[in-house]
Protein chains: 6
Amino acid sequence: MIRLTRRYRFSAAHVLARPDWDDARNTEIYGKCANPSGHGHNYVLEVTVRGEVDPQSGRLVAVPKLDAIVRERVLALLDHRFLNRDVDRFETEVPTAENIARFAWDALKGEIAPSILDRIRLVETENNAVEYVGAEEEA
Amino acid sequence: MIRLTRRYRFSAAHVLARPDWDDARNTEIYGKCANPSGHGHNYVLEVTVRGEVDPQSGRLVAVPKLDAIVRERVLALLDHRFLNRDVDRFETEVPTAENIARFAWDALKGEIAPSILDRIRLVETENNAVEYVGAEEEA
Amino acid sequence: MIRLTRRYRFSAAHVLARPDWDDARNTEIYGKCANPSGHGHNYVLEVTVRGEVDPQSGRLVAVPKLDAIVRERVLALLDHRFLNRDVDRFETEVPTAENIARFAWDALKGEIAPSILDRIRLVETENNAVEYVGAEEEA
Amino acid sequence: MIRLTRRYRFSAAHVLARPDWDDARNTEIYGKCANPSGHGHNYVLEVTVRGEVDPQSGRLVAVPKLDAIVRERVLALLDHRFLNRDVDRFETEVPTAENIARFAWDALKGEIAPSILDRIRLVETENNAVEYVGAEEEA
Amino acid sequence: MIRLTRRYRFSAAHVLARPDWDDARNTEIYGKCANPSGHGHNYVLEVTVRGEVDPQSGRLVAVPKLDAIVRERVLALLDHRFLNRDVDRFETEVPTAENIARFAWDALKGEIAPSILDRIRLVETENNAVEYVGAEEEA
Amino acid sequence: MIRLTRRYRFSAAHVLARPDWDDARNTEIYGKCANPSGHGHNYVLEVTVRGEVDPQSGRLVAVPKLDAIVRERVLALLDHRFLNRDVDRFETEVPTAENIARFAWDALKGEIAPSILDRIRLVETENNAVEYVGAEEEA
């Protein structure tokens, strides 16, 4: 079994707060990230795929093709955006690291056959990262 | 399934040597770390928790609360200490990276419900790290 | 001559665009950063001071005191903010990396005597950084 | 269960192209790496072993011994080499990151008892890495 | 005075050896890099420009334009190349880090007016870097 | 003018406190580093030399020779030591980052002719570094 991980970067702004919660509750859950004006991060997105190495090419996946899919389906939508305002899904869902990772999983799942999407890792700051593994794809 | 990893840092000194072993045996197992005066490291402690994302908050865990628990139960005891002398457990147990990771696991296990402690990773130098997964918590 | 550099971090959102320029001009100068909704970064702020080492303490500066000044005069104003909206100076001045570095210089100049503020370095992304040296302080 | 990871570095050149494929096919699969003159990388090799912590030493493995094995069986063959020309196996197999990781696995499997080789991670550039887990060793 | 530094990456192979020197002399000067088959690196190229901040844009330089110049005049010639063979200048000059930095300086000098090229930094491995400042440009 | 920087690492323990000062004074100047048991760091030592590139070799300095000098005159004395106890100079001088940098300068000055020692940079933690330039060598 082999896994290949590609690392991508994007910069985005967000607010972590629910309008139906008061400030005390938002701050308890989200800390400083609840500031209503918004703030931002340099996100690192790590996309991991797994499968078998092709015996001829010695590769698990054609990397230029994988990069094109991630750019089109994820980075083009998130990079240099204010997530709560510019991305449909985050108008209702709070754009936490957890939810951004799920957004990337949903956007890429089933798109990179014959490889299988193995996991999404999203690094929000040098001290905070999440890793998401969604429901298994049918490869 | 989602995992969230927080990265913390502490600086500490230690000696890796058993008083009941001679120098040759200590050097065979511990290399340069056996110098009896002690030396030190900038440790990076990565605490990973797993569980379900709360559908309202979009978070796995309240990060400010998690940080407070790790600071109180681990960092306050290890940061800027000489581990063999200042920490009870390391008066008898050799403070290897392996044992420091187990110390952190034992200190945090069961303390972060409803999330589950998934693993502890301790980076001792840029070339040396351990990852510890203890007996499963009862969540 | 000795210099000491402390590294601080803050996360903020900004827009790089002038309202009196059209989109084509803004994009020519600012690239993707001109998106009017805003985006954000994990900024690294490096504050360098210089002077003589105190022969007794062996230190150039009392680091806890320097940290307190930087936190109060810079980080408290910029961290987890939308710079164009939450910081007076950036309501009129475009919050480029260059201007944020000058903001930090102006906030710290003359505040850390007997040391002298040597330079401010602001790292905006892993590929973009500025270094600012303002008019010499009178030490 | 505990895992220990050691990080090693080597610098090498390679070409990613099959002589029996034309340029268009090689470029589709390998991108810029297909340039026939060759190019190179600073590789990072992470060797992870797992097992039980020895209750006396507090260590999973004698690190100086592990380092010596990796240096002799892997680094001495790959460091400062042109892989396609200087390493027998890569005269016929394309030296992709995937295949270099398998080379390291095969070279180390069964050599570090009583520990078990857990995985090989090879970082080729800051944006590209593979992780390989071969057939289970009989420990 | 303000400086802006952009960080670029390229991967290349090279040999450090003079054909008119014997192996002992080449190894004395170049160490392991003298292996005649070649080896390679992930180079980091840092281009620093200096000048005055434009009071309107708040920028020292139009970054998209600077990036285009560096890509066309430096990266397109060096990335994914075997330097001794694919770059005219390095057929006669040994492609040391020092000489690659001078190559970049010569390629960029005078091309980024009204800013002034301040210095070139080339990071060859995580432990080896050079910084080059050529003869002053006439701005 | 060209500068070459080599990066070395060592791990050491130290205490920052003067025995003739009380705890309050030591904590004011040194913060948590004043804990009398000691603590430690993974230090990064950057040695920068400058001079002219040799037109034949394309190198400023024979790197293997420079490495040997730094290992013998600095690293062998500091690596895996408790600085206050194991290094003569630090029995009386407080082993601050500033004083360790001066130690390295004094040990290397005049030893690497025909190159000139340009500066010493010592990184103590990811947030704390000093840079020292001593009295000019007579080259």
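Things to note:
- Separation in nanometres of the label points that stand 7 Å from Cα toward Cβ, at residue F:27 and residue D:9: 4.0
- Across chain D, C-alpha contacts under 8 Å between residues 6 or more apart give a mean separation that, scaled by the residue count, equals a relative contact order of 28 percent.
- When the helices of chain F are scored as -39500 (n - 2.57) per DSSP H run of n ≥ 4 and the total is divided over every residue, the value at 222 nm lands at -6500 deg cm²/dmol.
- Cα-based radius of gyration for the protein assembly as shown, normalised by 2.2 N^0.38 Å, reads 0.94.
- Under 5 Å between amide hydrogens, built in the peptide plane, is the criterion, and for residue F:54 it picks out F:59, F:60 among residues at least 5 positions away or on other chains.
- Close amide H contacts of residue E:42 (hydrogens built in the peptide plane, cut-off under 5 Å, sequence separation of 5 or more or a different chain): D:42.
- The HN-Hα couplings worked out from phi for region A:29-35 by the Karplus form 6.51 cos²θ - 1.76 cosθ + 1.60 (θ = phi - 60°) are 7, 10, x, 5, 5, 7, 3 Hz, whole numbers, x standing for Gly and Pro.
- Rg/Rh ratio calculated on Cα atoms of region F:61-137 (Kirkwood radius): 0.96
- HN-Hα J in Hz across region C:105-122 - Karplus 6.51, -1.76, 1.60, θ = phi - 60°, x for Gly and Pro: 4, 4, 6, 9, 4, x, 9, 10, 4, x, 6, 10, 5, 9, 6, 10, 10, 10
- Kirkwood hydrodynamic radius (C-alpha pairs) into Stokes-Einstein, chain D, 10 °C and 1.306 mPa s, D in µm²/s: 99
- With contacts taken as Cα pairs under 8 Å at a separation of at least 6 residues, region B:98-139 carries a relative contact order of 44 percent.
- Across the options C:110, C:5, C:40, the greatest Cα extent toward the positive end of the charge dipole of region C:2-138 (unit charges at beta carbon of Lys, Arg, Asp, Glu) belongs to C:5.
- Chain B residue nearest the axis that carries B onto C, by Cβ, with distance in whole Å, is B:9, 6.
- Sulfur and carbon atoms: percent of accessible area, chain C [1.4 Å]: 48
- Summary for residue E:22: label point 7 Å along Cα→Cβ; distances to the equivalent points in the other copies, ascending, 4.6, 5.1, 7.2, 7.3, 8.7 nm.
- Working from label points 7 Å from Cα in the Cα-to-Cβ sense, the residue E:109 to residue D:68 distance is 5.2 nm.
- Distances between equivalent label points of residue C:88 across the copies, with each point positioned 7 Å along Cα→Cβ, amount to 4.4, 5.4, 5.9, 5.9, 7.6 nm, shortest listed first.
- Region B:95-102 - phi-based ³J(HN,Hα) in whole Hz, Karplus 6.51/-1.76/1.60, Gly and Pro as x: x, 5, 4, 4, 6, 5, 4, 5
- Where region A:2-138 is the region considered: accessible area per residue in Å², 1.4 Å probe: 40
- Other-copy label distances relative to residue D:133, 7 angstrom Cα-Cβ extension, nm: 0.8, 0.8, 5.3, 5.3, 5.3
- A Förster distance of 41 Å, applied to the separation of the beta-carbon atoms of residue B:76 and residue C:133, puts the FRET efficiency at 0.55.
- Excluding ligands, DNA and RNA and using a 1.4 Å probe, chains F and B jointly bury around 1900 Å² of accessible surface, summed across both partners.
- Between E:127, E:42, E:26, the GNM of chain E built on Cα springs shorter than 10 angstrom shows E:127 fluctuating the most.
- Taking the centroid of alpha carbons for each part, region D:1-48 and region D:63-139 are 13 Å apart.
The values are calculated or read from the model by the stated rules, or taken from the named source; none is laboratory data. From a predicted model like this one, the values you see are computed outputs, not experimental measurements. Ideal geometry is used to build each Cβ from the backbone, glycine not excepted, and the neighbour counts take in all protein chains shown. Accessible surface areas use protein heavy atoms only, side chains included; no ligands, DNA or RNA. Shrake-Rupley method; radii C 1.70, N 1.55, O 1.52, S 1.80 Å.
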